[in-house]
Amino acid sequence: MSAFNLRTCAAVIAPVLAVSGALFAASPAQAVSANVVISEVYGGGGNSGAIWKNDFVELYNRSDAAVNVDGWIVQYYSSTGGAGGKATLTGSVEPKHTYLVQMAAGGNLLATPLPTPDVTGTAAMAAGSGRVDLVQAGTIVDRVGYGSGTGLIFEGSAAPGLTNTTSATRNSPCVDTDNNATDFRATEPTPENSTVGLPGCAVPPPVDYPETIAQIQGTSHTSPYNGKQVNGVLGVVTAVGYNGYWIQSTTPDDGDIATSEGLFVYTGSALITVAVGDDVSVDGSISEYRPGGGTNLTTTELTGSKATVLSSRNALPKPVVIGVDRIAPQQVIEEGSPGNIEYAPELFRPTTDAIDFYESLEGMLAAVSDAKVVGPTKSFGEMTVIPGQNVDAILTPRGGVLYSGYDHPNAMRVQLDDALLPYGAMPRASVGDSISGLTVGVIDYSYNNPKLEVIAPPVLTLGGLQREITKPQTNNQLAVSTFNVENLAPSDKQIKFDRLAAQVVNNLKSPDIMGLEEIQDNSGALNDGTVDSTQTTDKLIAAIVAAGGPAYTARWVNPQDLTDGGAPGANIRQVFFYRADRDVAFVAAPAGDATTAESLTMIDGKPHLALNPGRITPSNAAWNSSRKPLAGEFTFRGKTVFVIANHFSSKGGDDPLFGKWQQPSRSSEVARHLQATEIRSFLDLLLAADKNANVVVLGDINDFEFSDTVDIMVGSGANAIVDLPRMLPVNERYSYVYEGNSQVLDQILISQALTIVPPGAKYLAYEYDIVHTNSEFFDQDSDHDPQVVRLAIRGGIGL
């Protein structure tokens, strides 16, 4: 659906610019288009990360009569002014309908074909900058220049620069001010062909002026003024960003906490002539902007604005202190199941639903008092906190909040963002740090989360969180570990290898067997056909030795090129490291290959792997574009141990907790359920052959300990296995921190035989430890915490 669908279109208005306090009429580049206009331009088609396969130009007929466009031309020009391809139009554009011009395709085979185009052209358009002219018999009907360039021509000022995932989309199909910067914004590409009709462009009925911010925001996720012109909107400027500023009413009078008193005024690339503390009166049109596109909610904005400064150096409204003045719903984001929440204004409940609570504060000054850091500062400058008061959540022993179930999303979390700060000004925080007093900002929304855009860098009080160190294994214990080393490649800086090695030696105490995930091939993410990873594993083993650890031996199976997901060309895989110096041996058998399925062979009545190592059902559709499980057979102290290393499909594609779709869909579960079923089937074969087999299933399962995925692997009855995260106290069940939620993604599961204490042993059958060394820290060596289980393989005093 186009960005302007379902909007009531405003009448065409003459643009007026405020410059240094004086008002000047803008001079249009050519006459405002009377009927057909360019409504959307997209040049990223088929590029890396693109949703759509082709570039396109969308037109819209805003008149009340069909327009014959036979022979009209859509001409593309590069940002240096050179003419590119074009499309010659045919037929007519019906009134209040779109018309889709398909241009050249890119090489991304996974991108989606456009809706059936009305005409096809040849232009290979640039994603970031360029120009499109709509021409009738040599006369320019409309023109859009986007981005920048030495030869770029545009109407007024250029529309924003674009990317492979954004298009220049007209704010309202009915408004053409002849200023591309005013009329267009960068947003999610939404091509529509001539089958799509839009609302008419009649002049809206008279309304009482001026409109208030509360009236504009309304009691829903979209404004009742969406697509309409507003005049004389009063407020004080509370913050200024790079492409606009926020205003807030100083005389709220509706007494309704559901209506926000704040509003963002979008200026694009135009000069911002207001300052914090200015009382302003603003005219413009209201639009709903979807930052990041897709599943994001929209934010209400005033665009094409003309601001008049009434006075300066005024006091700002007192910020709403979250957790004190108003308490966010703690564990309910949306109580119902409305589907697209933007179309369900009747379910707007800010006192009970957190998604509505933050919407009711959109654009307003707000604050968090005595904030506690629950998610470390990330590379884009955001950290996640909770208020210091009135929090109802399960807290981890180290200061985080636990994601303990789908009904416990910890909706009181607040992301502090740095969009209003100088680059790098956000302090680097780890879980357990805190911020005394009030952290003040404006409430915004982007990338599927409400944000507090702080107006000054927070001052941290360090919590002193230390990386955990596990106990060393004893003589008769076999230590088995899983560790996602996050896209490790030979080209990574030596410091990454050294720090990972230090974790293995010092924090994990050099486990006997490690299942490592995300080992890249010798050329890393370079897509050159390389599949072997010897250089990667050799470099890590050398770093471990240099850190004082053992000389591990590595075993793995190279995947087929470009079949196992992850970064294209990197060919990530699982790898076993094991310690021959601790009498761990790899059982002799032919090594498997990328496509041959692992099987069992019986020797003296006991099952053994036919391939060692081997891959479990690698050709099964469950593993399409995902890592295939790696099975290995080891011996230790005279006992055989089977280890299966996994890296299941990611959660990519799931709806976000604070997205427009409520309740969120977890579509990625389907693949993991199929994968868990394959593992369970292999376990059934192995345990049917020997119910006392020692089996360890481990890896990055990409799912929670309470999930159906883990239930499937655990199974039931005599051959059920034990998921070790479930054996921990509830508040210790986490190996990953995502947007401030501490949660389990990595698992170790063991067969029943390994839960029984060997005869004569003086210690537990197993000791399990998630070793928190990464996920809570801003300076992570990986985004996952490793974990280890020490298994009592044989009896004795444990020395």
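Annotations for the structure displayed:
- Segment 199-321: relative contact order as a whole-number percent, Cα under 8 Å and 6+ apart: 27
- In order along segment 513-523, the phi-based Karplus estimate (6.51 cos²θ - 1.76 cosθ + 1.60, θ = phi - 60°) of 3J(HN,Hα) comes to 9, 10, x, 9, 10, 6, 7, 8, 6, 4, 9 Hz; Gly and Pro are listed as x.
- Peptide ranges 738-747, 131-140 listed from the most packed, as the mean C-beta count within 10 angstrom indicates: 738-747, 131-140
- Karplus 3J(HN,Hα) series, Hz, for segment 591-603 with 6.51 cos²θ - 1.76 cosθ + 1.60 (x for Gly, Pro): 6, x, 10, 5, 10, 8, 7, 5, 8, 10, 10, 9, 10
- When each of the peptides 219-232, 183-196 is scored by the mean number of other C-beta atoms lying within 10 Å of its residues, the order from highest to lowest reads 183-196, 219-232.
- Based on Cα contacts under 8 Å between residues 6+ apart, the chain shows a relative contact order of 9 percent.
- Cα centroids of segment 726-799 and segment 364-442: 27 Å apart.
- Segment 289-392: trypsin sites (Lys or Arg not before Pro) falling in loop per DSSP and having at most 11 other Cβ within 10 Å: Arg313
- Going by accessible surface with a 1.4 Å probe and the largest first, Leu540, Leu109 read Leu109, Leu540.
- Amide H to amide H, with H built 1.01 Å from N, Leu421 comes under 5 Å of no residue 5 or more places away or on another chain.
- Qualifying lysines (Cα of each under 25 Å from Cα of Lys539; at least 8 residues distant if same chain): Lys493, Lys496, Lys509, Lys628
- Selection among Pro95, Ile644, Asn449 by position relative to the dipole of the chain gives Ile644 as farthest towards the positive end (Cβ unit charges, Cα centre).
- Whole-Å semi-axes of segment 404-517's equivalent ellipsoid (Cα gyration tensor): 37, 18, 16
- With all protein chains kept in place, the per residue accessible area of the chain amounts to 37 square angstrom at a probe of 1.4 angstrom.
- Distance from the Cα centroid of segment 499-550 to that of segment 594-625 is 24 Å (rounded to whole angstrom).
- Per residue, the convex hull volume that the Cα atoms of the chain enclose (Å³): 165
- Among the GluC sites (Glu not before Pro) within segment 309-394, not one is in coil by DSSP while having at most 12 neighbouring Cβ atoms inside 10 Å.
- Look at the dipole of the chain built from charges on Cβ: of Gln229, Gln743, Leu361, the Cα furthest out on the positive end belongs to Gln743.
- Whether segment 738-799 is rounded, prolate or oblate, judged on the alpha carbon gyration tensor where a/c under 1.5 counts as rounded: prolate
- Ellipticity at 222 nm from helices only: DSSP H runs of n ≥ 4 in the chain, each -39500 (n - 2.57), divided by the residue count, give -2500 deg cm²/dmol.
- The charge dipole of the chain, taken about the Cα centre with unit charges on the Cβ atoms of Lys, Arg (+1) and Asp, Glu (-1), comes to about 1860 debye, rounded to the nearest 20.
- Simple point charges give the picture: +1 on the Cβ of Lys and Arg, -1 on the Cβ of Asp and Glu, and for segment 39-122 a dipole about the Cα centre of about 180 debye.
- Accessible carbon and sulfur surface of the chain relative to its total accessible area, %, 1.4 Å: 55
- Using θ = phi - 60° in the Karplus curve 6.51 cos²θ - 1.76 cosθ + 1.60, the 3J(HN,Hα) couplings for segment 648-653 round to 6, 4, 6, 8, x, x Hz; x is entered for Gly and Pro.
- Candidate lysines for bridging to Lys372, where Cα separation is under 24 Å - those fewer than 8 sequence places away on the same chain excluded: Lys318, Lys451
- Antiparallel content of DSSP bridges confined to segment 406-468, in %, to 5: 75
- Among the DSSP helices (H) of the chain, those spanning at least 15 angstrom by Cα along their long axis with an average Kyte-Doolittle hydropathy of -1.0 or more are 534-546, 669-689; this is a geometric and hydropathy rule only.
- Three-way shape call for segment 611-770 based on the alpha-carbon gyration tensor, with the a/c threshold at 1.5: oblate
- For Ala580, neighbours were defined as the other residues whose beta-carbon sits under 14 Å from its Cβ, and their charges (Lys and Arg +1, Asp and Glu -1) total +1.
- Sorting 695-701, 386-392, 730-736 by average packing, meaning the other beta carbons within 10 Å per residue, from highest down gives 695-701, 730-736, 386-392.
- Accessible surface, 1.4 Å probe, highest first, among residues Ile513, Ile455: Ile455, Ile513
- Contact order normalised by residue count of segment 549-662, Cα under 8 Å, 6+ apart, percent: 23
- Cα shape, segment 53-204, gyration tensor, a/c 1.5 rule: rounded
The values are calculated or read from the model by the stated rules, or taken from the named source; none is laboratory data. These numbers were taken from a predicted model, which means no experiment stands behind them. Here the Cβ is made from the backbone with ideal geometry for all residues, glycine too, and neighbour counts use every protein chain on show. Note: areas computed on protein heavy atoms with side chains; ligands, DNA, RNA excluded. Shrake-Rupley method; radii C 1.70, N 1.55, O 1.52, S 1.80 Å.
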